[in-house]
Amino acid sequence: MLRRRISPARGGGYTVRLPAGERELLESLPEQLDEVLAAVENLSAGQPGDEGAGVAGDDDRAAGGTVSDLRNTSSAGAESGADDASALRSLRRLFPPAYSTDEDAQRNYESVTRTELSAHHRRALATLSRTARATSIDDEELNEWLTAVNDLRLVLGTVLGVTEEQPASATGASSQMVVYVYLSQLEAELVDVLELSLPEPVPGADDQVPEDPWGEPLGGLRWDGTPLPWDDV
């Protein structure tokens, strides 16, 4: 039986057993994605981007940096005056649309919620980076880890074009894909650890839950949460 890398501690909280290489990765990745989110906030506020902020050099790209492409996309959008939709193309799974058919309503929704959503993502990323080398974390930090790891995984999946039809595979893959697969495995382990803290199910409890009066869209939902057209089913 494999030993869990993250497991509940007897006195509360969770014990973290990760090799140095994984800790270094979890410390550096959030900082890179945070740069992208900061650039998005500047775009939303109508502020010019810092020329060179978050732009990876040729050496970083040649080394196969994990999210350097995202930083380049974000900064280029800020410098060229591209609209928010262009700057957010690598982050669309972190900011799912509320109105897929009404552009004006969607713009209003983004103007109200984007800053708060971005702050939520950045807080989780900061926690992961700060505690990546810790040997123990508490309940709140574990939940922040799950949020941050999921965010990183979603963004990398967007860049790599991972879909249900084209799932990820680390076999003969690029360094970005290897990192994506690792984050997917770590996320699954975090979910398993959190499930251990859930209370035992109460027999018959589901019988008292009312049915959803709205239901899902006729076509269901895609894996990124957007509606699936009925014609595609």
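Restricting the first residue to region 133-144 and requiring it to be farther than 19 Å from residue 191 by Cβ, which pairs with a second residue that is part of a helix (DSSP H, G or I) meet a Cβ separation below 7 Å and a spacing of at least six or different chains?
As it stands, the answer is 133/23; 133/27, since those pairs meet every condition given.
Check off (1) out of contact with any helix residue (DSSP H, G or I) (no Cβ under 7 Å at 6 or more places or on another chain); (2) modelled with pLDDT of 90 or more; (3) in a helix (DSSP H, G or I) for residue 122 and give me the number that stays unchecked.
(1)
Do we find that residue 191 is without any contact (Cβ under 8 Å) to a residue 60 or more places away in the chain, surrounded by fewer than 17 Cβ atoms within 10 Å (Cβ to Cβ), within 23 Å of residue 38 (Cβ to Cβ) and β-branched (Val, Ile, Thr) in this structure?
Values: without any contact (Cβ under 8 Å) to a residue 60 or more places away in the chain: yes; surrounded by fewer than 17 Cβ atoms within 10 Å (Cβ to Cβ): yes; within 23 Å of residue 38 (Cβ to Cβ): no; β-branched (Val, Ile, Thr): yes.
For residue 191, the condition - without any contact (Cβ under 8 Å) to a residue 60 or more places away in the chain, surrounded by fewer than 17 Cβ atoms within 10 Å (Cβ to Cβ), within 23 Å of residue 38 (Cβ to Cβ) and β-branched (Val, Ile, Thr) - is not met.
Only one of (1) polar (S, T, N, Q); (2) modelled with pLDDT of 90 or more; (3) loosely packed, with under 13 Cβ neighbours inside 10 Å fails for residue 143. Which number is that?
(3)
Could you check residue 162 against (1) in contact with an Asp or Glu (Cβ under 8 Å, 6 or more places away or on another chain); (2) farther than 22 Å from residue 23 by Cα; (3) crowded, with 19+ Cβ neighbours inside 10 Å; (4) of a type in the set (Val, Ile, Thr) and say which number it fails?
Looking at each condition in turn, residue 162 falls short on (1).
Read through the list (1) assigned to a helix (DSSP H, G or I); (2) modelled with pLDDT under 90, then give the number of the only condition that residue 170 fails.
Status for residue 170: all satisfied but (1).
Of all residues in region 1-35, which are among the aliphatic types (A, V, I, L, M) and under 22 Å from the mean Cα position of the chain (by Cα)?
Listed by number, the residues that qualify are 6, 16, 18, 25, 26, 29, 33.
So for region 102-122 (the condition being within 28 Å of residue 18 (Cα to Cα), free of Cβ contacts under 8 Å to residues at least 12 places away in the same chain and either out of contact with any His (no Cβ under 7 Å at 6 or more places or on another chain) or not hydroxyl-bearing (Ser, Thr, Tyr) (or both)), does at least one residue qualify?
yes
The values are calculated or read from the model by the stated rules, or taken from the named source; none is laboratory data. Computed from a predicted model, the values in this text were never measured in an experiment. Positions of Cβ are backbone-derived with ideal geometry, glycine not excepted, and every protein chain shown enters the neighbour counts.
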